[in-house]
1. Output the residues belonging to region 307-323 that are free of Cβ contacts under 8 Å to residues at least 24 places away in the same chain, in a helix (DSSP H, G or I) and under 49 Å from the mean Cα position of the chain (by Cα).
2. Looking at region 273-301 only, could you name the residues that are of a type in the set (Ser, Thr, Tyr) and more than 20 Å from Ala258 (Cβ to Cβ)?
3. Does region 278-291 include one or more residues that are open to solvent by 30 Å² or more (accessible area, probe 1.4 Å), modelled with pLDDT under 95 and either under 30 Å from Lys121 (Cα atoms) or hydroxyl-bearing (Ser, Thr, Tyr) (or both)?
4. Confirm whether Ala79 is in contact with a helix residue (DSSP H, G or I) (Cβ under 7 Å, 6 or more places away or on another chain), under 28 Å from Lys176 (Cα atoms), free of Cβ contacts under 8 Å to residues at least 60 places away in the same chain and small (Gly, Ala, Ser).
5. Would you check which residues across region 235-274 are aromatic (Phe, Trp, Tyr) and open to solvent by 50 Å² or more (accessible area, probe 1.4 Å) and list them?
6. What are the residues in region 83-132 that are open to solvent by 60 Å² or more (accessible area, probe 1.4 Å), of a type in the set (A, V, I, L, M) and within 21 Å of the chain's Cα centre (by Cα), if any?
7. Can you find a residue that is among the acidic types (Asp, Glu), under 19 Å from Asp192 (Cα atoms) and assigned to a helix (DSSP H, G or I) anywhere in region 156-176?
8. Considering only helices (runs of 4 or more DSSP H) fully contained in region 10-105, which possess at least 3 residues that are at pLDDT 80 or above and either out of contact with any strand residue (DSSP E or B) (no Cβ under 9 Å at 6 or more places or on another chain) or over 27 Å from Phe116 (Cβ atoms) (or both)?
Amino acid sequence: MVYKREWEGELNSLYYVKGMAMIEEGNAADAVAFIKELKVENFKFTYLRAMAYIKGGNKDLALKEIDACLKLEKDNVEALVLKGKLLWSMGKNEEGNNLFWAAYEIDPQHPEVKEFLTIMKPKADEYYEKASRLFLCNEHLEALAAIKKGLDLCRNNSRLFLLQASILRLQGEYEKAIDSLELAAKHNTAADGLELDINTQIGLTYNDMGKMLFAKQKYSGAITVFTEAEKYLPKDPGIQVNRGDAYKELGNYSLALANYHYALELNGSKSLVNTRLALTHYQLGIECFNKKDYNGAVVEFSRGIELNGNVPEFFIKRARSYM
C-alpha cells in the first residue's frame, strides 16, 4: 500500500508537469480536458485548471477554480496572487489590490507581492506629498482624506501613518493617533528610517492625553499616561513638569518636587519650574503650619520665597509662623 501511494504520487507529479507544459504551449483546451480525465481533486490540479482557463480566456471559470483552491488552502499566496491578477484583468482593481494585500500579510517577500509594492508605493507617495502640503496649510480634513486614498493604495506606508497620527493628535483623537503610530512602527523599515520620528510622536501623543486627563481632574490617570510618554521622550522636561503638576494636585508634594527638579536637570524653563517649586514649598508650609510644626513651616515658606519672592502671601504666612 505504501508503494502504491508513492507510485501514485510520482505519477500525479508527471501529470501535473504535462498539464503545465500543455498550458505553456498554448493548448489550454487540451490541458483542461486532460486534467478532467485524471479526476484528481486537490489544490494542485485545481490550480492547474484555473491556469488553463485563464490561458484559454475563460475568466469566470478560472475564478471559480481559484475560489475552490482558496477553500482548500485559504492562505495560499500563489492562489491569492493569481486571483488578484485575474480580478485586475476583469477591471476589479480594488478587489485585486485587496487580494495582494492579503498575500502581503502572509508573505511580504513573495516576488510578485514585492513587485506589487513597487507599483503602489510611488502612487501612495504622491498622496503623502499632497497631504503634507494640506497639513502645512492647516487643511487637516483634506489632508486626512488624501492620506486615506494613499493608504487604500499602499497599506504599509509608514510615512502616511505617521502623518495621519500627527493630525489626529492635533484633533484630540489620541487613541486613534496611537493606533496609527502602532501601524507606522509595524511597517517602518530601515530604509524608511522613521523610528525616532515615530517614538517622538508617540511620546507627544501620550503627553497630550495626559494633559487632557489633567484638565478633567483625573490626576492619577494623567500620571500613568505621562509616565508612558516619558518612555518615548525621556529627556523632555515638559513631561516632568506636567507629571509634577499632577502629583501636586494629588497632594504628593515630594514626588512633585522630584519631577520639577528633574525638569531643571533636563534644562527646562527655570522661571516656569521655579514658580511651581515655590508653590509646592508653600503648600508644604501650609501643611506644617496646620500641624503646628512652625519651624518646619518657616523652612518651607522661606524656600518658596527664595524661589519666588514676588508673592506677598509667602511672607505673610512665614511671619505668622514666627509668631
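The values are calculated or read from the model by the stated rules, or taken from the named source; none is laboratory data. Note that the structure is a prediction, hence the values are computed from the model and not measured. When we count neighbours, we look across all protein chains shown, and the Cβ atoms used for this are built from the backbone with ideal geometry, even at glycine. What goes into the accessible areas is simple: the full protein's heavy atoms, side chains included, and nothing from ligands, DNA or RNA. Shrake-Rupley method; radii C 1.70, N 1.55, O 1.52, S 1.80 Å.
1. none
2. Tyr294
3. For region 278-291, residues open to solvent by 30 Å² or more (accessible area, probe 1.4 Å), modelled with pLDDT under 95 and either under 30 Å from Lys121 (Cα atoms) or hydroxyl-bearing (Ser, Thr, Tyr) (or both): present.
4. no
5. The answer is Tyr262, and nothing else.
6. Once the filter is applied, which keeps residues that are open to solvent by 60 Å² or more (accessible area, probe 1.4 Å), of a type in the set (A, V, I, L, M) and within 21 Å of the chain's Cα centre (by Cα), region 83-132 yields only Ile106.
7. no
8. 59-72, 77-89
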